[in-house]
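Before any comments, here is the structure.
The values are calculated or read from the model by the stated rules, or taken from the named source; none is laboratory data. This is a predicted model, so every value here is computed, not measured. Heads up, the Cβs are rebuilt from the backbone with ideal geometry, glycines too, and the neighbour counts pull from every protein chain shown. For the accessible areas, the whole protein counts, side chains as well, though only heavy atoms, and no ligand, DNA or RNA atoms are used. Shrake-Rupley method; radii C 1.70, N 1.55, O 1.52, S 1.80 Å.
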Amino acid sequence: MEPHLFTPGPVAVPHAVRVAGAAPLIGHRSEPYFALLGEIQGRLRRLLGTDRPVVLLPSSGTGALEALVVNLLAPGERAISVSCGAFGDRFREIAARWGVAIHAVDIPWGSAAGPEDVARALKECPDASALLLTHNETSTGVATDLAACLSVVPPDGPLVLVDAVSSLGAMACRPDAWGVDGLASCSQKGLMTPPGLGLVALSERG
Ligand SMILES: *Cc1c(COP(=O)(O)O)cnc(C)c1O
């Protein structure tokens with residue numbers, strides 16, 4: 001009997017994906033691999049609506065979030081952290097442990113942040129270097145309307161960093177159109193592939 005995964009991720013992987021994983025190995029420094037990686041890059045860029053390279057990481061989604069924080073923020077800088085659940089809290093904790101000073105915006109669990117919450121935080125914390133948001137808060141099943149929330153962030157405002165771990169592949173994710181500077185996701189949720197690959201999409205600024 002096959003085990004059933006009653007989790008938001010890893011999700012059950014389609015048969016064709018499992019079979020592809022059983023194919024004979026190819027060299028990781030060979031032309032066939034370069035072609036495969038090029039195809040994956042092209043597909044990820046289409047999925048994300050971006051022309052820029054998507055950075056692939058040998059990590060979980062949490063590792064991709066940490067990669068955003070440690071590469072785009074310095075200890076001592078300030079970040080606005082909008083959280084409406086367990087994963088928003090985790091993103092905040094990653095930044096806090098890196099030494100980032102947190103301006104916390106706590107939305108009641110079960111609700112989503114709106115543009116008014118973001119606008120207020122920007123006013124209260126004008127020197128923030130980053131704004132941390134969760135696209136789909138898996139712990140409560142609440143999605144945040146990023147297009148609306150980010151419409152109040154000026155182009156020279158804080159870097160916008162987004163946890164899109166459970167949204168990518170399941171809902172529209174348009175970081176460039178929405179003004180996201182760093183988006184983190186991974187392989188084992190909406191993309192329906194095995195765990196082990198993190199991914200990061202960056203804006204020009206990011
Ligand atoms: C699952 C999840 C994570 C953590 O991903 P891992 O790959 O398990 O590290 C982070 N954020 C959200 C919103 C998630 O759903």
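Checking Leu132 against (1) in contact with a strand residue (DSSP E or B) (Cβ under 7 Å, 6 or more places away or on another chain); (2) part of a loop (DSSP other than H, G, I, E, B); (3) closer than 17 Å to Glu66 by Cα: exactly one of these is not met. Which one?
(2)
Does Gly88 count as within 23 Å of Thr62 (Cβ to Cβ) and open to solvent by less than 10 Å² (accessible area, probe 1.4 Å)?
yes
Which condition does Ala148 not pass, out of (1) more than 16 Å from the ligand (Cβ to nearest atom); (2) touching a Pro at 6+ places or on another chain (Cβ under 9 Å); (3) assigned to a loop (DSSP other than H, G, I, E, B), if it passes all the others?
Of everything listed in (1) more than 16 Å from the ligand (Cβ to nearest atom); (2) touching a Pro at 6+ places or on another chain (Cβ under 9 Å); (3) assigned to a loop (DSSP other than H, G, I, E, B), Ala148 misses just condition (3).
Asp127: of a type in the set (Asp, Glu) and over 16 Å from the mean Cα position of the chain (by Cα), yes or no?
Spelling it out, Asp127 is indeed of a type in the set (Asp, Glu) and over 16 Å from the mean Cα position of the chain (by Cα).
Can you find a residue that is farther than 19 Å from Ser60 by Cα, modelled with pLDDT under 95 and open to solvent by 10 Å² or more (accessible area, probe 1.4 Å) anywhere in segment 141-155?
Yes, segment 141-155 contains at least one residue that is farther than 19 Å from Ser60 by Cα, modelled with pLDDT under 95 and open to solvent by 10 Å² or more (accessible area, probe 1.4 Å).
Would you check if Trp98 is touching a Gly at 6+ places or on another chain (Cβ under 8 Å), under 29 Å from Ala177 (Cβ atoms), of a type outside the set (Asp, Glu) and open to solvent by 40 Å² or more (accessible area, probe 1.4 Å)?
The answer is no for Trp98.
Could you identify the single residue in Ala201, Ala121 that is open to solvent by less than 40 Å² (accessible area, probe 1.4 Å) and more than 23 Å from Arg52 (Cβ to Cβ)?
Ala121
I'd like the full set of residues that are buried (at least 21 other Cβ atoms within 10 Å of the Cβ) and either free of Cβ contacts under 8 Å to residues at least 12 places away in the same chain or within 16 Å of the ligand (Cβ to nearest atom) (or both), limited to segment 124-137.
Leu132, Leu133, Thr134, His135, Asn136, Glu137
So, in segment 176-194, of the ones that are of a type in the set (S, T, N, Q) and open to solvent by 20 Å² or more (accessible area, probe 1.4 Å), which residue ends up nearest to the ligand (Cβ to nearest atom)?
Ranking the qualifying residues of segment 176-194, first place goes to Gln188.
Hey, can you tell me all the residues within segment 160-206 that are part of a loop (DSSP other than H, G, I, E, B), in contact (Cβ under 8 Å) with a residue 24 or more places away in the chain and more than 23 Å from Asn71 (Cα to Cα)?
Matches in segment 160-206: Gly169, Ala170, Gln188, Lys189, Gly190, Met192, Thr193, Pro194.
Restricting attention to segment 18-33, and to residues there that are part of a helix (DSSP H, G or I) and within 17 Å of Leu197 (Cα to Cα), which single residue is most open to solvent (accessible area, probe 1.4 Å)?
Here the residue is Arg18.
So, in segment 158-175, of the ones that are surrounded by fewer than 18 Cβ atoms within 10 Å (Cβ to Cβ) and farther than 20 Å from Cys84 by Cβ, which residue ends up farthest from the ligand (Cβ to nearest atom)?
For segment 158-175, the residue satisfying everything is Arg174.
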